[in-house]
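Enquirer: The structure's right below; bear with me while I get my questions together.
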Amino acid sequence: MQSSEVKNRQHAKQATTIVKRGKQMSERVVLAYSGGLDTTVAVRWLKQTQDLDVVALLIDVGQGGDTEVLCKRAVESGALDAQVVDARKEFANEYVTRALHANALYQDRYPLVSALSRPLICRHLADAAHHYGARYVAHGCTGKGNDQVRFEVSLAALSPDLEVLAPCRGWGMTRDQAVGYGLQHNLPIPVGPAAPYSIDENLWGRAIECGVLEDPFVEPPDDVWERTAPASKPPAGPTYLQIEFRHGLPVALDGVPMEFVELVGKVDKLAGSYGFGRIDMIEDRVVGIKSREVYEAPAALTLIAAHAELEHLTLDRAVLRTKRGLERTYANLAYEGLWFSPLREALDAFIRTTATHVNGVVRMKLDSGNVRVVGRSSPASLYETALATYDRGDAFDHKAAEGFVKLWGLPLKTWARTRRADAGSPPGAGSWEGITGWEEPDKE
């Protein structure tokens, strides 16, 4: 698999060639290609109905699959060219790390598995379009999901001169009709029974939807899960995992240094083997509908939990409180397709500052279906045993607390006295009427 730099040089070289049909030149479109039914049909559809030469661009963000087979499928479907960009490290180091720094969880649960990869894919789409001299880029999103928003808003920010095409949103074909179109044009698509689920995955997790999962009352069947073992069948006995952080990012497991992308993979397998990392939630989509979403994200949930715990040990209370509020904003921006917004960049600057002293080790215990923090240590710890202990060596000034408590409660005490006097009730009368707006119940 070739690097992004090599691919870019190839794009630049190939962009000088104009494909001709008779005396007319066909314009080009760069398609975000996954190798699935919709984007495979889209290759032929764009060529047949829009008279466009298609460059299929497959971005590897850790989703697995044989990229050579997928590229061959695109070419056999009529693509002018098919390219693969190995963006796994870029995705890990430039996108996932930022989300981890922000403890980004949409609706406090979803670690933005798919949402994080879309801005990266859009950046490569825009680059490839310029290299190939293409006026158009295209995606395979429907009109019902979040990804159409992420693709089109991101591309508008990156390259507003490009025109974005959404064939799957415009052609109006059902899945069966898309299969029929593929068979009619001898496209290399699977012709067996329809897959029961729609799946999108990368190194940060796996998203599963459709089929029986569309009924929010139905428990996800066992065949939904791939990265997480049944909680009833964990490895023999619990185990412990020590994660070392430097500047808010994990750099070692159990004392062994490793690159971030490798570390994520190892944590994913280990936590998943204990059945940890399953998410089943009702999610508010950008387009205004609620949907039932199921995810597997063992590494994401484990590392976010560890990172957040280390922040509790090393960050000042006011900084921590402010950051926790901004984390939801950060997750919303990523989810809603606003990754390339000035607000996200500003939040990154704040978060990088907070990460400076988030250094140390977090000890996690993995047991049946659960991973939890059981220990934490840091050279920048704000925890002082002499202040926290109730035993000998207690250095806390208990006498100073009396004056502090009086001053801390003074505004509330003043408010309560004033409100009672204004309501005509003597101090200590015990009536809440006129103070909070509540009325006491009638007494018989």
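The values are calculated or read from the model by the stated rules, or taken from the named source; none is laboratory data. A quick note: this is a predicted structure, and the numbers were derived from the prediction, not measured. Here Cβ is always computed from backbone atoms with ideal geometry, including for glycine, and neighbour counts include all displayed protein chains.
Enquirer: Can you pull out every residue in region 76-98 that is closer than 30 Å to Leu183 by Cα, of a type in the set (Gly, Ala, Ser) and crowded, with 20+ Cβ neighbours inside 10 Å?
Expert: We begin by selecting, within region 76-98, every residue closer than 30 Å to Leu183 by Cα; these are 76-85.
Of the ones still in play, those that are also of a type in the set (Gly, Ala, Ser) are 77-79, 82.
Residues satisfying the conditions are Ser77, Ala79, Ala82.
Enquirer: Quick check: anything in region 240-255 touching a Leu at 6+ places or on another chain (Cβ under 6 Å) and in the same structural domain as Glu94 (by TED's automatic domain parsing)?
Expert: no
Enquirer: Can you go through Val43, Val61 and tell me which one is buried (at least 19 other Cβ atoms within 10 Å of the Cβ), in contact with a Ser or Thr (Cβ under 6 Å, 6 or more places away or on another chain) and under 30 Å from Thr356 (Cβ atoms)?
Expert: Among Val43, Val61, only Val61 is buried (at least 19 other Cβ atoms within 10 Å of the Cβ), in contact with a Ser or Thr (Cβ under 6 Å, 6 or more places away or on another chain) and under 30 Å from Thr356 (Cβ atoms).
Enquirer: Follow-up question, since we're still on this one. Hey, can you tell me all the residues within region 282-311 that are surrounded by 17 or more Cβ atoms within 10 Å (Cβ to Cβ) and in a strand (DSSP E or B)?
Expert: Correct list: Glu283, Ser291, Arg292, Glu293, Val294, Tyr295, Glu296.
Enquirer: Out of region 36-70, which residues are within 28 Å of the chain's Cα centre (by Cα), assigned to a helix (DSSP H, G or I) and not aliphatic (A, V, I, L, M)?
Expert: Within region 36-70, Asp38, Thr39, Thr40, Thr67, Glu68 meet the criteria.
Enquirer: Of the residues that make up region 358-367, is at least one surrounded by 12 or more Cβ atoms within 10 Å (Cβ to Cβ) and either under 30 Å from Val153 (Cα atoms) or of a type in the set (Ser, Thr, Tyr) (or both)? Walk me through how you get there before you give the answer.
Expert: Filtering region 358-367 for residues surrounded by 12 or more Cβ atoms within 10 Å (Cβ to Cβ) gives 358-367.
Checking the rest, the ones that are also either under 30 Å from Val153 (Cα atoms) or of a type in the set (Ser, Thr, Tyr) (or both) come to none.
No, there is no match, as no residue in region 358-367 is surrounded by 12 or more Cβ atoms within 10 Å (Cβ to Cβ) and either under 30 Å from Val153 (Cα atoms) or of a type in the set (Ser, Thr, Tyr) (or both).
Enquirer: Would you please name the residue that is farthest from the chain's Cα centre (by Cα), looking only at residues in region 374-409 that are hydroxyl-bearing (Ser, Thr, Tyr) and surrounded by 10 or more Cβ atoms within 10 Å (Cβ to Cβ)?
Expert: Only one residue tops the list, namely Thr389.
Enquirer: Does Asp108 satisfy the condition of being assigned to a helix (DSSP H, G or I), modelled with pLDDT of 95 or more and among the acidic types (Asp, Glu)?
Expert: Criteria not met by Asp108.
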